[in-house]
Amino acid sequence: MKILFLLPIAFILLSATPTPTTYSLTVKITNISSTKGLVEIGLYNSSSAFPKVGETYKKVRVKPSSDYTCTYTFKGLPSGNYAFAIYHDVNSNDECDVNFLGVPTESYGFSNNVVPTWSAPTFNECSFKMDKNKTLSVKLID
């Protein structure tokens, strides 16, 4: 009799799979020079990939709004460390244009508003922990 009583409870406990917790990250971008082109946001979850082109965890391209800002929300992000790199692709050629020294000629920015000096910043400088829903702002560098 006890087995018949315990059997449904055991079935419920074994069939219940924990749902992974995920979070949303809203990125607000300001200081966009014009409404031409698209703003590309590359989200990274690996220090070895940051900020390499083509190695993003997620990537989106967003049209700037008339107030020279744009906002995008990444949904379903698992807990962990992330960083993002952004550039304004004014001429819509799908790349961040640079001068002969390799310095971007299109506006760009990084999470934590890190301003690089002689080279791209590191993942550790730009990273943040996703352990709750977050809204982060970045001001593009001209």
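Bear in mind that the values in this text are calculations on the coordinates, not laboratory data. This is a predicted model, so every value here is computed, not measured. Backbone-built Cβ (ideal geometry, glycine too); neighbour counts: all protein chains shown.
In region 51-94, of all residues being of a type in the set (K, R) and touching a residue at least 24 places away in the same chain (Cβ under 8 Å), the one that is farthest from L25 (Cα to Cα) corresponds to K63. Within region 107-126, at least one residue is assigned to a helix (DSSP H, G or I), among the hydroxyl-bearing types (S, T, Y) and touching a Leu at 6+ places or on another chain (Cβ under 8 Å). Can you tell me which residue within region 20-43, out of those that are part of a strand (DSSP E or B) and among the polar types (S, T, N, Q), is farthest from F74 (Cα to Cα)? Filtering first and then ranking leaves T30. Counting only strands (runs of 3 or more DSSP E) wholly contained in region 50-101, the ones carrying 2 or more residues that are surrounded by fewer than 16 Cβ atoms within 10 Å (Cβ to Cβ) and hydroxyl-bearing (S, T, Y) occupy 70-78. Looking across region 127-142 at every residue that is among the polar types (S, T, N, Q) and assigned to a loop (DSSP other than H, G, I, E, B), the one that is surrounded by the fewest Cβ atoms within 10 Å (Cβ to Cβ) is identified as N133.
Just the residues that are hydrophobic (A, V, I, L, M, F, W, C) and surrounded by 18 or more Cβ atoms within 10 Å (Cβ to Cβ), please, taken from region 39-49. V39, I41, L43, listed by residue number.
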